[in-house]
Amino acid sequence: SLGIIFNWTTNAYGMDTKKLLEPIDDVIDAIGRDDFLKSLLVQLDGKSYLVPLASYGRVLYYRDDLFQKHNLEPPRSWDDLLKAAEKLTEDTDGDGKIDRYGTMIPCARDTSTSSTFIGKVYQKGGSVLDRNGNVSWNSKQVKEAFEFYRKLSNFAPPGIAEYSYGDMISLYQNEAVAMTTYAGRLLGRIAKGNPKVLSNTKAVHFPTPTGQPLKFKSANDIIGVSIMKGTENLDMAKDFIKFFFTKKDSHLKWCHAVPGHFIPSRKSVFNDPKFWEHPLIQQHKGTVELMVQALDGAKSFIWEHDGKVDVRANRINFSLLLTDCAQEILLQNA
């Protein structure tokens, strides 16, 4: 076994990193450190434990045909979003029952809930931990973000306690909601499942509290490869990773496996015209460009402040304490 695993930064730097993973800065250097987007090269105590393959930015997808029907503008502020969500929550067939809701909110007991909600906290300037590592969850910013989320949940389908990542796509695809937040995977799924919906879909950055632009646009994670500590074939594992990244077009083809979702970690791949020539990316270039913009200033649980890794934030995330908090507030009115 080569001991190579697919990994995410929230896993790689949230586990017992030094005990479980091999440092691999020499691999990054061999591939070409300067070719990687600097913001994706995360380190713990000066060492890297993940070679980044790609990242992804989240946007707000919306049904442009429904917005036009109701004379709505794309939402820029939280108030805009609430008004649009209310307007688009409708009984469309006149049977007295709502059959399309304004928006989608995941509240399952998994990281879909916390990773979606935490972006609203960051928009308000809040965090899980402060710069000194103290818990800052019970802050004014978090409370205000939850108040907004609670209001928004009034225009989401019943049963949000069961809704997770897949439902954020499927409910939109099946026309049960008029807006949803997701990354690029939604484009390919809906292109196959309901092309009519995709033809009427547009995207914007998630609205900000006041409608004014913010540096922060998206909560983010990075996917890459790590090597397990103590692998018997360490040199071979490192050589294979180097081979994968440097073989002609292999990295690009990997990103095209889920077109529009995986934004390449290397500038040479991102700037390669062949990356943008994929039919789905070409057709929705503006939306993919929005996702790229969302990565500028993106934050993660583990680097909430100035890119400094704090593994405790990630342990809090995967303990599901944040999700339990969201469930208590949204479902139990705590």
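Here are the numbers:
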read-out	value
Any hit, segment 118-125, residues being in a loop (DSSP other than H, G, I, E, B), open to solvent by less than 40 Å² (accessible area, probe 1.4 Å) and not basic (Lys, Arg)	no
Subset tally (residues that are in a helix (DSSP H, G or I) and among the aromatic types (Phe, Trp, Tyr)) for segment 163-181	2
Any hit, segment 52-63, residues being surrounded by fewer than 20 Cβ atoms within 10 Å (Cβ to Cβ) and not hydrophobic (A, V, I, L, M, F, W, C)	no
Pairs where the first residue, in segment 224-243, is over 20 Å from residue 255 (Cα atoms) and in contact (Cβ under 8 Å) with a residue 40 or more places away in the chain and the second is open to solvent by less than 50 Å² (accessible area, probe 1.4 Å) and assigned to a helix (DSSP H, G or I), C-beta under 6 Å, 6+ apart	227/237; 231/237; 238/27
Verdict on residue 155 being in contact (Cβ under 8 Å) with a residue 60 or more places away in the chain, in contact with a helix residue (DSSP H, G or I) (Cβ under 6 Å, 6 or more places away or on another chain), under 17 Å from residue 121 (Cβ atoms) and not in a strand (DSSP E or B)	no
Failed item, numbered, when residue 246 is tested on (1) within 14 Å of the chain's Cα centre (by Cα); (2) among the hydroxyl-bearing types (Ser, Thr, Tyr); (3) surrounded by fewer than 21 Cβ atoms within 10 Å (Cβ to Cβ)	(1)
Flag if residue 263 is in contact with a strand residue (DSSP E or B) (Cβ under 7 Å, 6 or more places away or on another chain) and surrounded by 17 or more Cβ atoms within 10 Å (Cβ to Cβ)	yes
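The values are calculated or read from the model by the stated rules, or taken from the named source; none is laboratory data. None of these values were measured; they are calculated from a predicted model. Reconstructed Cβ throughout: ideal geometry from the backbone, glycine too, with neighbour counts over all protein chains shown. Heads up: the accessible areas ignore ligands, DNA and RNA and are worked out on the full protein's heavy atoms, side chains in. Shrake-Rupley method; radii C 1.70, N 1.55, O 1.52, S 1.80 Å.
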